[in-house]
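> The structure that follows is given in the form of structure tokens.
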Amino acid sequence: MGLELYLDLLSQPCRAVYIFAKKNRIPFEFKHVELFKGQQFTEEFKKVNMLKKVPALKDGPFLLAESTAILLYLSRKYNTPDHWYPSDIEARARVDEYLSWHHTNIRANAPKTMWIKVLIPLLTGQSLPPEKLQEVMEGLATSLKQFEEKFLQDKPFIVGSEISLADLVAIVELMQPVAVGCDVFEDRPKLAEWRNRVEEAVGEELFQQAHELILNIKELSNIQVDPRLKEQLTPVLLKMLK
Amino acid sequence: MVVELYLDLLSQPCRSVYIFAKKNNIPFEFKHVELLKGEHLSEEFYKVNLLRKVHALKDGNFTLAESIAILLYLSRKFNTPDHWYPSDVQKRARVDEYLSWQHTAIRAQGCNFYRTKVLMPLLVGKPFPAERLERAVEDLKSTMKQFEEKFLQDKPFIVGNEISLADLVAIVELMQVTGWDVFEGRPKLTEWRHRVEEAIGKELFREAHEVMLNGWLALPEEQGLPPTPKP
């Protein structure tokens, strides 16, 4: 039985895993878990990941959650090129440092744009006042400032002169606001150049393919959202509405 | 030149780094950065960590932030025993899985609880809003449930039979919320805690947690203190 990756390309961490596997020609079976249809709540999927989240990996009897863990596992098992997770102890530490910081900074702020522009209207039928989006963009701007000053600086990539897991994880997250019309690369020339380099390193075709779904998110505006998903998201929604 | 670790033991991630370095006899210089005095905001410290946060490491010209990155760096540079970050691909993945999940789970809910229950009254001199505390407790309880069901299960440690970075990072976070006695009514968790304490060494464990635990005792009486936290 081969490697199975449980993914929905609407999700940022899923895109990182997808791109990484494809780029490195890692053979896998794409198991589509449609989030809007609530497929992450099925009994069947719970057996794969009891946290009920994508991405998830199944490699024979071995199950794994959390995109960072999955990316690292794949890089080791399939011996991917060194630049993804450099063996040099300091370069590797820099990747770890970004992957850690990412969770509560870029990953905490970037998705909120999607919430405000797409998910909240979809789930509640209401739009939030523009001040809310303003607030979110300010939070994201703070993270981006730290990103540019601490992590990117004047380097071509976050770690050295080649793409690593750090760049991959960052780029997929920043495409989320882009997809809903909040182009974080506009007015940030250094960041825009970094994005172009990352896209090129990934390969334009693969990058586009991975992002096709999210870039067409407006087509989902009439979708029926599964009630279990509504229930799961409601507490988060309420926090955002305050 | 010896490794410099910039720490304040009030902070959970600082304690995991401190315990790890001490336990593995890693020679280092303890650079105290007092959070409550705002020392992490100084220009001097900014040169060490642009993110203005403790924990931070300085190894010659190399500076590093983020406790996970620091722990992994130390484990590699000083070749610490395998069980901390097992070389077995699947076991290692389990440690990674926990270290990733905890950022927005145990750590997030734990910090939220600690802020609401301890920091706010301590710093602002105002009682904590009961409703917010209740919500923080609920969030924490639900995270604890996931911790026990997914990560700990019936195993002695999160990964296999020996302590790893996962247990270390988990225990320091859970100790931060000990005033609520997160271990009460959870026998499996309590047993795990004892195993982790023993694996670390009771003396080192106590030493690392002294400062933070005293913070609980500094709470003004009017707040309706929880029972005195067990050291």
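Values in this text are rule-based calculations from the coordinates and carry no lab data. Keep in mind that what you see is a predicted model, and the values were worked out from it rather than measured. Because the Cβ atoms are built from the backbone with ideal geometry, glycine has one as well, and the counts that use them run over all protein chains shown.
> In the P(r) worked out for segment A:69-144, what percent of Cα pairs fall beyond 18 Å?
57
> Now a separate question. Rounded to whole Å, give me the distance from the Cα center of segment A:197-242 to that of segment A:88-109.
So the two Cα centres are separated by 23 Å.
> Still on this structure, please answer the following. Would you mind checking which residues have amide H under 5 Å from B:Ala56's amide H? H placed 1.01 Å from N; only 5 or more apart, or other chain.
B:Tyr6
> What's log10 of I(q)/I(0) for segment A:96-242 at q = 0.08, 0.09, 0.14, 0.20 Å⁻¹, Debye sum over Cα points only, no solvent?
Results for segment A:96-242 at q = 0.08, 0.09, 0.14, 0.20 Å⁻¹ read -0.24, -0.30, -0.72, -1.29.
> Right, next: On the principal axes of its Cα set, how long, how wide and how thick is chain B? Give whole Å, largest value first.
Computed over chain B, the largest-to-smallest principal extents equal 48, 47, 30 Å.
> Could you list B:His103, B:His32 so that the one with the fewest beta carbons within 10 Å of its beta carbon is first and the one with the most is last?
Placing the least packed residue first, the sequence is B:His32, B:His103.
> Other chains near A:69-78: what is the mean number of their Cβ atoms within 10 Å of each residue's Cβ?
For peptide A:69-78, the averaged partner shielding equals 4.
> Please report the Cα spread of segment B:51-185 along all three principal axes, rounded to whole Å, starting with the longest.
The Cα atoms of segment B:51-185 stretch 47, 42, 18 Å along their principal axes.
> For segment A:1-96, which GluC sites (Glu not before Pro) are both in a DSSP coil and crowded by at most 15 other Cβ atoms within 10 Å?
For GluC sites (Glu not before Pro) across segment A:1-96 that sit outside H, G, I, E and B with at most 15 neighbouring Cβ atoms in 10 Å, the list reads A:Glu34.
> Still on this structure, I have one more. Measuring from centroid to centroid over Cα atoms, what is the spacing of segment B:79-152 and segment A:139-182 in Å?
What the calculation gives is 26 Å, centre to centre.
> Can you run phi through the Karplus equation (6.51, -1.76, 1.60; θ = phi - 60°) for segment A:35-50 and list ³J(HN,Hα) in whole Hz, with x for Gly and Pro?
With the stated coefficients, segment A:35-50 comes to 5, 5, 8, x, 5, 6, 9, 5, 4, 4, 6, 4, 5, 7, 9, 5 Hz.
> Computed over the Cα atoms of segment A:1-100, what is the convex hull's projected area averaged over all directions, in nm²?
Across all orientations, segment A:1-100 yields a mean hull projection of 6.5 nm².
> So what is the 222 nm mean residue ellipticity for chain A from helices alone, if each DSSP H run of at least 4 adds -39500 (n - 2.57) and you divide by all residues, rounding to the nearest 500 deg cm²/dmol?
-17000 deg cm²/dmol
> Give me, ordered by chain and number, the residues 5 or more places off A:Ala56 or on other chains with an amide H under 5 Å from its own placed amide H.
Excluding prolines and chain starts, which carry no amide H, the hits are A:Tyr6.
> Taking only DSSP H segments of four or more residues, each worth -39500 (n - 2.57), what value at 222 nm results for chain B once the sum is divided by all its residues, to the nearest 500 deg cm²/dmol?
Calculated at 222 nm, the ellipticity per residue is -15500 deg cm²/dmol.
> Could you work out the local net charge near B:Phe62, counting Lys and Arg as +1, Asp and Glu as -1, over the other residues with Cβ closer than 14 Å to its Cβ?
-1
> Under 10 Å, Cα contacts only: if you run a Gaussian network model on chain B, which one of B:Asn161, B:Asn112, B:Asn49 comes out with the highest mean-square fluctuation?
In the Gaussian network model the winner is B:Asn161.
> Go through segment A:128-142 residue by residue and turn each phi into a ³J(HN,Hα) via Karplus (6.51, -1.76, 1.60, θ = phi - 60°); whole Hz please, and just put x for glycine and proline.
Whole-Hz 3J(HN,Hα) from phi for segment A:128-142: 8, x, x, 4, 5, 5, 4, 4, 4, 5, 5, x, 5, 4, 4.
> Same structure, new question: If you take every DSSP beta bridge whose two residues both sit in the protein assembly as shown, what share of them, in percent to the nearest 5, is antiparallel?
Counting DSSP beta bridges with both partners in the protein assembly as shown, the antiparallel share is about 60 percent.
> Apply the Karplus parameterisation 6.51 cos²θ - 1.76 cosθ + 1.60, with θ equal to phi minus 60°, to every residue of segment B:121-135 and state each ³J(HN,Hα) to the nearest whole Hz, in sequence, with x for glycine and proline.
My calculation for segment B:121-135 gives x, 5, 8, 9, x, 10, x, 6, x, 4, 5, 5, 5, 4, 5 Hz in order.
> Can I ask one more? At q = 0.12, 0.17 Å⁻¹, what log₁₀ I(q)/I(0) does a Debye calculation on the Cα points of segment B:1-76 give, no solvent, two decimals?
Listed by q, the Debye log ratios stand at -0.27, -0.55.
> State the dimensionless ratio Rg/Rh of segment B:163-206 (Rg: radius of gyration of Cα atoms; Rh: Kirkwood radius).
In segment B:163-206, Rg relative to Rh is 0.94.
> Taking a cut-off of 29 Å, what percent of all Cα-Cα pairs in the protein assembly as shown are separated by more than that?
50
> Additional query: For segment A:36-180, compute Rh as the Kirkwood radius over C-alpha pairs and then the Stokes-Einstein diffusion coefficient at 20 °C and 1.002 mPa s; write the answer in µm²/s, rounded to an integer.
It diffuses with D of about 124 µm²/s by this estimate.
> Let me know the mean shielding of B:44-54 by other chains, meaning the per-residue number of their Cβ atoms within 10 Å of its Cβ.
The mean count of partner-chain Cβ atoms within 10 Å per residue comes to 1.
> Please return the longest stretch of chain B lacking exposed loop sites, where GluC sites (Glu not before Pro) count only if DSSP places them in a loop and at most 12 other Cβ atoms lie within 10 Å.
B:35-183
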